[in-house]
Amino acid sequence: MRKQLVKAEKIEAVSNISASISHEIRNPLTSVKGFLQLLGEEDYPVEKRNEFLKIATEEVNRAEQVIDDYLTFARPALEQVEEINVQDELSHVFSVLMPLANMHAVEINQVYSGNIKITGDRLKFQQAFINIVKNGLEAMPSGGFMTVETVKSTREVHIIIKDTGYGMNEEQLNRLGEPYYSTKGKKGTGLGMMVTYSIIRAMKGRIKVSSIVGKGSVFHVIFPNPHSSEKLRSQNS
Ligand code: ADP
Ligand code: MG
């Protein structure tokens with residue numbers, strides 16, 4: 001029963017994501033197609049053509065941002081359950097985002113305790129954390145500190161990501177993960193945290209966020225420790 005439920009949740013998460021991806025990418029592409037057709041049809045004056053090109057370029061950038069939030073690593077549909085080495089994957093996420101961190105003059109501190117393993121889809125795990133870390137870096141446009149820390153308890157694995165960015169007020173915190181909720185205007189998609197929440201939920205994890213405006217934010221992600229459920233299972237059988 002529980003297994004079926006989990007499967008249904010996973011399918012729902014995946015199909016929600018795929019539906020919004022195609023919607024979010026189709027819109028800008030349709031608009032680009034329209035402008036290309038216009039450019040091919042008539043001899044518009046240079047200013048007009050430049051305006052069309054500018055909008056089309058913005059729309060392509062938009063589609064690219066959406067793909068970044070959804071699919072930097074993750075395949076949309078294939079779910080693979082494997083053993084995930086938390087430290088390896090998180091350091092990979094940080095190395096991918098190193099250019100952004102450097103651009104924002106953010107100092108990164110990684111504190112990994114021991115050899116922590118969880119189970120889930122490795123690439124989706126990376127996507128979930130890339131979205132959290134990217135937001136943290138974007139919240140520190142004029143420098144700051146980011147810390148990632150991992151802690152293992154008998155039953156759980158904790159991943160804590162802190163930034164010293166501009167923080168969130170109560171309303172922003174409540175709306176986090178709501179599709180299309182973004183305070184970044186054209187630079188945001190409002191899809192990153194939705195994807196992160198959905199991946200973490202599918203991995204049977206949970207996430208707690210706290211924040212102070214002007215001080216920074218803490219993202220605390222908790223996964224079940226697979227080792228502990230193995231132990232429990234063998235005790236029960
Ligand atoms: P996007 O980054 O495209 O705006 P997200 O879903 O990734 O969309 O994030 C939604 C909103 O949550 C952001 O626009 C921002 O207002 C807020 N947010 C997320 N993470 C942080 C953070 N670390 N610090 C401050 N605000 C954040
Ligand atoms: Mg984001």
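Observations on the structure shown:
- Tensor-based shape of segment 106-155 (alpha-carbon gyration tensor, a/c under 1.5 rounded, otherwise prolate or oblate): oblate
- Whole-Hz couplings from phi, Karplus 6.51/-1.76/1.60, listed for segment 104-117; x for Gly and Pro: 8, 6, 9, 8, 10, 10, 10, 10, 10, 9, x, 9, 9, 10
- Under the Karplus curve 6.51 cos²θ - 1.76 cosθ + 1.60, θ = phi - 60°, whole-Hz ³J(HN,Hα) for segment 39-51, x wherever Gly or Pro sits: 5, x, 7, 10, 8, 6, x, 3, 4, 4, 4, 5, 5
- Segment 135-210 shape via C-alpha gyration tensor axes, a/c threshold 1.5: oblate
- Within straight-line reach of residue 186, meaning a Cα separation under 19 Å, sit the following aspartates and glutamates at least 8 residues removed in sequence or on another chain: 24, 51, 58, 59, 64, 68, 69, 138, 178.
- Entries in 117/184; 124/184; 48/134 that, when Cα-Cα distance is taken, lie over 27 Å: 117/184; 48/134
- Under 5 Å between amide hydrogens, built in the peptide plane, is the criterion, and for residue 84 it picks out 118, 119, 120 among residues at least 5 positions away or on other chains.
- Taking the centroid of alpha carbons for each part, segment 118-161 and segment 79-94 are 11 Å apart.
- Scoring 146-152, 93-99, 49-55 by mean Cβ neighbours within 10 Å over their residues and listing the highest first yields 146-152, 93-99, 49-55.
- Annotation: extensible slack from residue 36 through residue 145 equals 34.9 nm (criterion: 0.36 nm per residue apart, minus Cα-Cα distance).
Where a number appears in this text, it was derived from the coordinates with a stated rule and is not lab data. As the structure is a prediction and not an experimental result, all values here were calculated from the model. All Cβ positions, even for glycine, are placed from backbone atoms using ideal geometry, and neighbour counts span all protein chains on display.
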